[in-house]
Amino acid sequence: MKSKVKKTKRRADQLRVLRFKRNFIESAAGSVLIEMGKTQVLCNGSFVNEVPGWRQESGLGWLTAEYCMLPAASTPRKPRSRTGHTDGRGTEIQRLVGRVLRAVVDFKKLGENTIYLDCDVLQADGGTRTAAINGSYVALVDAVRYGLKEKYLDENPLTGMVAAVSVGMVKGKAVLDLDYELDSTADVDMNVAMTGDGRFIEIQGTSEQVPYTYEELEKMLGLARKGIKKILSEQKRCLRL
(Lines give C-alpha, C1' and ligand atoms only; values in the text may rest on other atoms or scores of the structure.)
Protein backbone atom coordinates (compact mmCIF):
# COMPACT_ATOMS: atom_id res chain seq x y z
CA MET A 1 0.00 0.00 0.00
CA LYS A 2 1.30 3.44 -0.94
CA SER A 3 1.92 5.68 2.04
CA LYS A 4 -0.01 8.88 2.63
CA VAL A 5 1.21 12.17 3.99
CA LYS A 6 -0.46 13.27 7.21
CA LYS A 7 -3.30 15.82 6.97
CA THR A 8 -3.93 15.31 3.25
CA LYS A 9 -6.02 12.84 1.30
CA ARG A 10 -3.51 12.81 -1.55
CA ARG A 11 -0.91 10.14 -1.91
CA ALA A 12 2.67 11.33 -1.60
CA ASP A 13 3.13 10.74 -5.36
CA GLN A 14 -0.12 12.41 -6.43
CA LEU A 15 -0.61 15.85 -7.98
CA ARG A 16 -3.19 18.25 -6.68
CA VAL A 17 -6.27 18.75 -8.86
CA LEU A 18 -5.02 20.50 -12.03
CA ARG A 19 -7.20 22.66 -14.28
CA PHE A 20 -6.48 24.97 -17.22
CA LYS A 21 -9.09 27.51 -18.34
CA ARG A 22 -8.01 28.90 -21.69
CA ASN A 23 -9.15 32.19 -23.26
CA PHE A 24 -9.81 33.55 -19.78
CA ILE A 25 -9.70 37.15 -21.00
CA GLU A 26 -10.32 38.28 -24.58
CA SER A 27 -7.76 41.08 -24.87
CA ALA A 28 -4.63 38.92 -24.60
CA ALA A 29 -3.19 36.87 -27.46
CA GLY A 30 -3.01 33.97 -25.00
CA SER A 31 -4.78 33.77 -21.65
CA VAL A 32 -5.19 30.93 -19.17
CA LEU A 33 -6.24 30.57 -15.57
CA ILE A 34 -4.37 27.66 -14.04
CA GLU A 35 -5.51 25.99 -10.85
CA MET A 36 -3.22 23.62 -8.97
CA GLY A 37 -5.22 22.70 -5.91
CA LYS A 38 -6.24 25.99 -4.29
CA THR A 39 -3.47 27.94 -6.01
CA GLN A 40 -4.79 30.05 -8.88
CA VAL A 41 -2.59 32.01 -11.31
CA LEU A 42 -3.79 34.05 -14.28
CA CYS A 43 -1.22 33.86 -17.09
CA ASN A 44 -1.57 36.22 -20.05
CA GLY A 45 0.61 36.21 -23.15
CA SER A 46 0.90 39.38 -25.24
CA PHE A 47 2.39 39.36 -28.74
CA VAL A 48 4.14 42.62 -29.69
CA ASN A 49 5.53 43.27 -33.17
CA GLU A 50 8.79 44.83 -31.93
CA VAL A 51 11.72 44.07 -29.65
CA PRO A 52 13.56 45.97 -26.89
CA GLY A 53 16.16 48.48 -28.06
CA TRP A 54 19.08 46.21 -27.23
CA ARG A 55 17.59 43.51 -29.49
CA GLN A 56 16.81 45.69 -32.53
CA GLU A 57 18.33 44.88 -35.93
CA SER A 58 19.46 41.50 -34.63
CA GLY A 59 16.83 39.50 -36.46
CA LEU A 60 16.03 37.83 -33.13
CA GLY A 61 12.94 37.98 -30.99
CA TRP A 62 12.55 38.04 -27.23
CA LEU A 63 10.40 36.57 -24.46
CA THR A 64 10.11 37.94 -20.94
CA ALA A 65 7.87 37.37 -17.94
CA GLU A 66 6.44 39.35 -15.05
CA TYR A 67 5.05 37.93 -11.80
CA CYS A 68 2.88 39.56 -9.17
CA MET A 69 0.84 38.38 -6.22
CA LEU A 70 -2.42 40.23 -5.65
CA PRO A 71 -2.82 41.75 -2.15
CA ALA A 72 -5.50 39.30 -1.00
CA ALA A 73 -3.92 36.23 -2.63
CA SER A 74 -2.57 35.14 0.75
CA THR A 75 -3.07 35.77 4.44
CA PRO A 76 -2.09 38.18 5.85
CA ARG A 77 -2.72 40.71 3.06
CA LYS A 78 0.34 41.49 0.97
CA PRO A 79 0.66 45.28 0.44
CA ARG A 80 0.37 46.43 -3.16
CA SER A 81 3.51 47.91 -4.67
CA ARG A 82 3.23 51.68 -5.07
CA THR A 83 6.35 52.00 -7.19
CA GLY A 84 5.39 49.65 -9.99
CA HIS A 85 8.25 47.32 -9.07
CA THR A 86 7.90 43.83 -7.65
CA ASP A 87 9.70 42.67 -4.51
CA GLY A 88 12.81 40.50 -4.40
CA ARG A 89 10.86 37.23 -4.35
CA GLY A 90 8.70 38.32 -7.26
CA THR A 91 11.75 39.38 -9.26
CA GLU A 92 13.41 35.99 -8.69
CA ILE A 93 10.24 34.14 -9.76
CA GLN A 94 9.64 36.16 -12.91
CA ARG A 95 13.25 35.59 -13.95
CA LEU A 96 12.72 31.88 -13.40
CA VAL A 97 9.55 31.84 -15.52
CA GLY A 98 11.30 33.72 -18.31
CA ARG A 99 14.36 31.43 -18.27
CA VAL A 100 12.26 28.29 -18.39
CA LEU A 101 10.04 29.43 -21.25
CA ARG A 102 12.96 30.80 -23.28
CA ALA A 103 14.44 27.29 -23.24
CA VAL A 104 11.89 26.19 -25.86
CA VAL A 105 11.87 29.25 -28.15
CA ASP A 106 13.87 29.63 -31.36
CA PHE A 107 14.41 33.38 -31.36
CA LYS A 108 15.48 33.47 -35.00
CA LYS A 109 12.14 31.98 -36.02
CA LEU A 110 10.35 34.37 -33.65
CA GLY A 111 11.85 37.26 -35.62
CA GLU A 112 11.88 40.75 -34.17
CA ASN A 113 8.78 40.17 -32.07
CA THR A 114 8.38 40.04 -28.29
CA ILE A 115 6.11 37.84 -26.21
CA TYR A 116 5.30 39.12 -22.74
CA LEU A 117 4.01 36.65 -20.16
CA ASP A 118 2.22 38.26 -17.21
CA CYS A 119 1.59 35.99 -14.22
CA ASP A 120 -0.80 37.29 -11.55
CA VAL A 121 -1.41 35.12 -8.50
CA LEU A 122 -5.08 35.32 -7.55
CA GLN A 123 -4.87 32.81 -4.72
CA ALA A 124 -1.74 31.29 -3.19
CA ASP A 125 -1.57 27.89 -1.53
CA GLY A 126 1.95 26.82 -2.42
CA GLY A 127 3.56 26.16 -5.79
CA THR A 128 2.81 29.55 -7.33
CA ARG A 129 6.03 29.64 -9.37
CA THR A 130 5.50 26.20 -10.86
CA ALA A 131 1.87 27.01 -11.59
CA ALA A 132 3.02 30.22 -13.31
CA ILE A 133 5.38 28.20 -15.54
CA ASN A 134 2.71 25.64 -16.43
CA GLY A 135 0.08 28.26 -17.20
CA SER A 136 2.53 30.48 -19.06
CA TYR A 137 3.42 27.69 -21.45
CA VAL A 138 -0.22 27.34 -22.47
CA ALA A 139 -0.52 31.13 -22.85
CA LEU A 140 2.71 31.11 -24.89
CA VAL A 141 1.37 28.52 -27.34
CA ASP A 142 -1.77 30.58 -27.90
CA ALA A 143 0.27 33.78 -28.31
CA VAL A 144 2.38 32.05 -30.97
CA ARG A 145 -0.78 30.84 -32.69
CA TYR A 146 -1.94 34.46 -32.74
CA GLY A 147 1.36 35.55 -34.33
CA LEU A 148 1.02 32.89 -37.02
CA LYS A 149 -2.60 33.80 -37.71
CA GLU A 150 -1.78 37.51 -38.05
CA LYS A 151 1.20 36.73 -40.33
CA TYR A 152 3.79 38.17 -37.93
CA LEU A 153 5.42 34.73 -37.98
CA ASP A 154 6.33 32.55 -40.94
CA GLU A 155 6.82 29.42 -38.85
CA ASN A 156 6.33 28.12 -35.35
CA PRO A 157 9.27 29.21 -33.12
CA LEU A 158 8.49 26.73 -30.34
CA THR A 159 10.93 23.84 -30.11
CA GLY A 160 9.14 21.82 -27.43
CA MET A 161 7.07 21.85 -24.28
CA VAL A 162 7.87 22.74 -20.68
CA ALA A 163 6.28 22.05 -17.32
CA ALA A 164 7.29 22.35 -13.67
CA VAL A 165 6.34 21.00 -10.27
CA SER A 166 7.43 21.23 -6.65
CA VAL A 167 8.66 18.31 -4.57
CA GLY A 168 10.03 18.03 -1.07
CA MET A 169 10.98 15.92 1.90
CA VAL A 170 8.32 16.03 4.60
CA LYS A 171 9.06 14.09 7.79
CA GLY A 172 11.51 11.88 5.93
CA LYS A 173 9.20 11.18 3.00
CA ALA A 174 9.41 12.43 -0.60
CA VAL A 175 6.22 14.31 -1.51
CA LEU A 176 4.99 15.70 -4.83
CA ASP A 177 3.35 19.10 -5.50
CA LEU A 178 3.55 20.82 -2.12
CA ASP A 179 0.67 22.98 -0.93
CA TYR A 180 1.32 25.63 1.72
CA GLU A 181 0.75 23.29 4.66
CA LEU A 182 3.24 20.75 3.35
CA ASP A 183 5.71 23.39 2.19
CA SER A 184 5.74 25.11 5.58
CA THR A 185 6.73 21.87 7.33
CA ALA A 186 9.08 20.48 4.66
CA ASP A 187 12.71 19.71 5.48
CA VAL A 188 13.53 20.18 1.79
CA ASP A 189 11.71 22.28 -0.81
CA MET A 190 12.54 21.78 -4.49
CA ASN A 191 11.18 23.14 -7.77
CA VAL A 192 11.89 21.25 -10.98
CA ALA A 193 11.29 22.38 -14.57
CA MET A 194 11.68 20.01 -17.52
CA THR A 195 11.14 19.87 -21.26
CA GLY A 196 8.59 17.63 -22.87
CA ASP A 197 11.32 15.22 -23.96
CA GLY A 198 12.55 14.73 -20.40
CA ARG A 199 15.47 17.16 -20.12
CA PHE A 200 15.97 19.34 -17.07
CA ILE A 201 15.81 23.12 -17.43
CA GLU A 202 16.07 24.13 -13.80
CA ILE A 203 16.35 22.46 -10.40
CA GLN A 204 15.99 24.65 -7.31
CA GLY A 205 16.45 22.62 -4.15
CA THR A 206 17.01 23.97 -0.65
CA SER A 207 17.29 22.30 2.72
CA GLU A 208 15.04 24.18 5.13
CA GLN A 209 15.78 22.00 8.17
CA VAL A 210 17.67 18.76 7.60
CA PRO A 211 20.24 18.38 4.78
CA TYR A 212 19.19 15.79 2.22
CA THR A 213 21.04 12.79 0.86
CA TYR A 214 21.78 11.78 -2.72
CA GLU A 215 19.24 8.98 -2.38
CA GLU A 216 16.57 11.45 -1.25
CA LEU A 217 17.47 13.71 -4.18
CA GLU A 218 16.91 10.79 -6.54
CA LYS A 219 13.51 10.11 -4.97
CA MET A 220 12.44 13.75 -5.32
CA LEU A 221 13.59 13.99 -8.93
CA GLY A 222 11.79 10.75 -9.71
CA LEU A 223 8.56 12.13 -8.28
CA ALA A 224 9.06 15.39 -10.17
CA ARG A 225 9.48 13.56 -13.48
CA LYS A 226 6.32 11.57 -12.81
CA GLY A 227 4.32 14.68 -11.93
CA ILE A 228 5.65 16.71 -14.87
CA LYS A 229 4.69 13.94 -17.28
CA LYS A 230 1.07 14.24 -16.08
CA ILE A 231 1.14 18.04 -16.31
CA LEU A 232 2.46 17.85 -19.87
CA SER A 233 -0.33 15.46 -20.75
CA GLU A 234 -2.91 17.91 -19.40
CA GLN A 235 -1.29 20.81 -21.28
CA LYS A 236 -1.53 18.79 -24.49
CA ARG A 237 -5.16 17.96 -23.80
CA CYS A 238 -6.23 21.55 -23.23
CA LEU A 239 -4.23 22.82 -26.23
CA ARG A 240 -5.50 19.96 -28.40
CA LEU A 241 -1.95 19.05 -29.41
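For the stretch 156-172, state whether one or more residues are in a helix (DSSP H, G or I), within 19 Å of GLN14 (Cα to Cα) and not polar (S, T, N, Q). The answer is no, given that none of the residues of the stretch 156-172 is in a helix (DSSP H, G or I), within 19 Å of GLN14 (Cα to Cα) and not polar (S, T, N, Q). Within the stretch 183-200, residues that are over 11 Å from ALA164 (Cβ atoms) have Cβ atoms under 9 Å from residues that are modelled with pLDDT of 95 or more and among the basic types (Lys, Arg) in these pairs: GLY196/LYS236; GLY198/ARG225; GLY198/LYS229, counting only partners at least 6 apart in sequence or on another chain.
For the stretch 178-208, filtered to residues that are out of contact with any helix residue (DSSP H, G or I) (no Cβ under 6 Å at 6 or more places or on another chain) and part of a loop (DSSP other than H, G, I, E, B), the residue that is surrounded by the most Cβ atoms within 10 Å (Cβ to Cβ) is LEU178. The residue pairs whose first member lies in the stretch 230-241 and is aliphatic (A, V, I, L, M), whose second member is surrounded by 16 or more Cβ atoms within 10 Å (Cβ to Cβ) and assigned to a loop (DSSP other than H, G, I, E, B), and whose beta carbons are closer than 9 Å, counting only pairs six or more residues apart or on different chains, are ILE231/LEU15; LEU232/MET161; LEU232/GLY196; LEU241/MET161.
Considering GLY84, GLY98, which residue is small (Gly, Ala, Ser) and modelled with pLDDT under 95?
GLY84
Checking PRO211 against (1) farther than 28 Å from SER31 by Cβ; (2) more than 22 Å from the chain's Cα centre (by Cα); (3) in contact (Cβ under 8 Å) with a residue 40 or more places away in the chain; (4) not in a helix (DSSP H, G or I): exactly one of these is not met. Which one? Going through the list (1) farther than 28 Å from SER31 by Cβ; (2) more than 22 Å from the chain's Cα centre (by Cα); (3) in contact (Cβ under 8 Å) with a residue 40 or more places away in the chain; (4) not in a helix (DSSP H, G or I), PRO211 breaks only (3).
Counted as qualifying within the stretch 80-149 are the helices (runs of 4 or more DSSP H) with 1 or more residues that are in contact with a Ser or Thr (Cβ under 7 Å, 6 or more places away or on another chain), namely 88-102, 128-149. For the stretch 146-155, the criterion of being touching a residue at least 24 places away in the same chain (Cβ under 8 Å), touching a helix residue (DSSP H, G or I) at 6+ places or on another chain (Cβ under 7 Å) and not hydrophobic (A, V, I, L, M, F, W, C) is met by at least one residue.
Restricting the stretch 33-49 to residues that are closer than 23 Å to ASP179 by Cα and either hydroxyl-bearing (Ser, Thr, Tyr) or not in a strand (DSSP E or B) (or both), which is nearest to the chain's Cα centre (by Cα)?
Initial filter on the stretch 33-49 (closer than 23 Å to ASP179 by Cα): 33-43.
If we keep only those that are either hydroxyl-bearing (Ser, Thr, Tyr) or not in a strand (DSSP E or B) (or both) as well, we get 37-39.
On the way: GLY37: 14, LYS38: 15, THR39: 12 Å.
For the stretch 33-49, the residue satisfying everything is THR39.
The values are calculated or read from the model by the stated rules, or taken from the named source; none is laboratory data. These numbers come from a predicted model, not from an experiment. With ideal geometry, Cβ positions are generated from the backbone for all residues, glycine too; neighbour counts draw on all protein chains shown.
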